[in-house]
Amino acid sequence: MLEFSLNARRGSFHLQVECAFASDWTVVFGPSGSGKSTLLRLLAGLDRPARGRIALDAHAITETATGLHLAPGRRHTALVAQQPALFPHLSVAANVAYGLRSLDRATRAARVEEMLALTGATDLARRRPQDLSGGEAQRVALARALAPAPRLLLLDEPFSALDGEASDALLERLQSWLRENRVQAVMATHDATDALATSAEVLLLREGRLAAHGPAAEVLAAERERLATRLRIT
Amino acid sequence: MDWQAFALSLRLATVTTAILLTIAVPLAALLVLGRGRWLAALEALATLPMVLPPTVLGFFLLVLLGPRTAVGRGIAALLGHPLAFSFTGLVVGSVIYSLPFAVQPLVAGFASVDTALVDAARLLGASPARLVTSILLPLARRSLLAAIVLSFLHTIGEFGVVLMLGGDIPGATRTLSIVLYNQVENFDYAAANHTAAILLGMSVLALALIYSKAQNHGVGRA
């Protein structure tokens, strides 16, 4: 269960959202600049809100009223951004192992292998990030994020460099793994097809405000109707 | 050739560089990764020795570490001798004087590392120390080398602080720069030429050694 009530400013942009949801796959949908990435960075703990609270499974991880702000690495949250941000001086395997320092060597190696297999990147283990294609790098970034077993996975348009078929197959494997491991996922996208394809609960963001929240088909149909009406008027 | 002064200069530069790195790396990381308005004041303070005339800095340190201040008396009581006019005093002065030459390249190097990589490491649970050792330093190796070279060579060539704080005690505070000054003062230009050539040679050799090492290790980014 993820709950948040956030008020944050980034330059002239103002994000003000309040929401709670328990579904294991939720899509944050909205046009560029609507606040999707800002919201995900706040949830990940990379940025602090001016005011607000975030709770994961009823435990507060950010609470400005009490000054609580758990460090990003201590809130069991992973974030996969559009830019994979792989460490260029480490091999793919070392990238995936980076967050597994507390495990012994054998367990760590097994975990790396498991995550690379899940994301279809087993053959890339010894390669360097600079030798990977955009799609391969995104697979590795996903494997690296999942390796420490987060409770909340945040995805910011993470499959943009994968072609449709590869993206669908990876998404299917990922969703099944998330269900098995009871990991809640939130994916930001500006693509309505992505939102519909995952048959998810959707949060619709518009100019930093929560415009709608509900089943994907309903929210997107209402949004399509709103846009059509606006076009007719203009 | 004053081999004693030569050895002392090398020892002073090595000790100063080693101490500077242990201070400058965490300080540069704090300046780049930290938050708060006080960081600007801290950076200005760390840069101050760069713009302060060496003789002024040396004079302030001489007064501060001398027997007339509580700090100087406390240190003298602790060490059994005053810091001024001792090798340890020279090290303190050199560390302060060369601090910006170690901090500035590291700040520039750390700031050039993509913030997305820093965010990724933080999300994966990296502590500040691990962030520095596993991400910032490997990706800013060239800046680290620059910090080492600048600190070492700057200390080798320093004169004003050394003269003010250390005086001219053979084996304790007489460095090659002081020897060169004495030779010029005595109109011994042949010996002065020799000493100056050695100082120049040390600088060129240190640069050549360190940069050829950087080349061999394929260091590519700042």
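Among the GluC sites (Glu not before Pro) in segment A:148-227, those placed in a DSSP loop whose Cβ has at most 15 other Cβ atoms within 10 Å are A:E207. Counted without the sites themselves, the longest stretch of chain A free of trypsin sites (Lys or Arg not before Pro) in a DSSP loop having at most 13 other beta carbon atoms within 10 Å is A:1-125. Here the contact order of segment B:3-216, divided by its residue count and restricted to Cα pairs under 8 Å and six or more residues apart, works out to 30 percent. Measuring how big chain B is from its alpha-carbon positions, Rg and Dmax come out at 19.4, 65 Å. Candidates A:L196, A:P148, B:V91 compared by Cα position along the dipole of the protein assembly as shown: farthest toward the positive end lies B:V91, with charges placed on Cβ. Suppose a student asked you for the relative contact order of segment B:21-103, using Cα pairs under 8 Å spaced at least 6 residues apart; what percent would you report? Rounded, it is 37 percent for segment B:21-103. Among the trypsin sites (Lys or Arg not before Pro) found in segment B:29-108, those both in a DSSP coil and sparsely packed, with 14 or fewer other Cβ atoms within 10 Å of their Cβ, are B:R35, B:R37, B:R68.
Pick from A:S12, A:S37, A:S91: which residue has the top mean-square fluctuation in a GNM of chain A where Cα pairs under 10 Å get a spring? Answer for the Gaussian network model of chain A: A:S12. Values of log10 I(q)/I(0) for segment A:115-219 across q = 0.24 Å⁻¹ run -1.42, by the Debye formula with one identical scatterer at each alpha carbon and no solvent.
Counting only Cβ charges, +1 for Lys and Arg and -1 for Asp and Glu, the dipole size of segment A:1-61 around its Cα centre is about 360 debye. Note on chain B: with a GNM built from Cα contacts shorter than 10 Å, the maximum mean-square fluctuation among B:A196, B:A41, B:A140 falls on B:A41.
Each part reduced to its alpha carbon centroid, segment B:13-82 and segment A:115-163 end up 46 Å apart. So for chain A, averaging the separation of alpha carbon pairs under 8 Å that are six or more residues apart and normalising by length, what relative contact order in percent results? Relative CO of chain A lands at 27 percent. Entry note, chain B: the mean residue ellipticity at 222 nm calculated from DSSP H runs of n ≥ 4, each adding -39500 (n - 2.57), is -24500 deg cm²/dmol after division by the residues and rounding to the nearest 500. Residues of segment B:69-101 with an amide N closer than 20 Å to a point placed 7 Å from the Cα of B:V56 along the Cα-to-Cβ direction: B:93-101. If R0 is taken as 45 Å, the Cβ-Cβ distance between A:R209 and A:A166 corresponds to a FRET efficiency of 0.85. Translational diffusion of the protein assembly as shown was estimated from the Stokes-Einstein equation, with Rh taken as the Kirkwood radius over Cα pairs; at 37 °C and 0.692 mPa s the coefficient is 127 µm²/s. Here chain B is treated with +1 on each Lys and Arg Cβ and -1 on each Asp and Glu Cβ, and its dipole about the Cα centre works out to around 680 debye. Around the amide H of A:L154, modelled in the peptide plane, lie the amide H atoms of A:A78, A:L79, A:V80, A:V186, all under 5 Å away and 5 or more residues distant in sequence or on another chain.
Counting DSSP beta bridges in the protein assembly as shown, what percent are antiparallel, to the nearest 5?
Antiparallel: roughly 60 percent of the beta bridges in the protein assembly as shown.
Coordinate-derived values only; no laboratory data. Since the structure is predicted, the reported quantities are computational estimates derived from the model, not experimental observations. Using ideal geometry, Cβ is built from the backbone for each residue, glycine included, and neighbour counts are taken over all protein chains shown.
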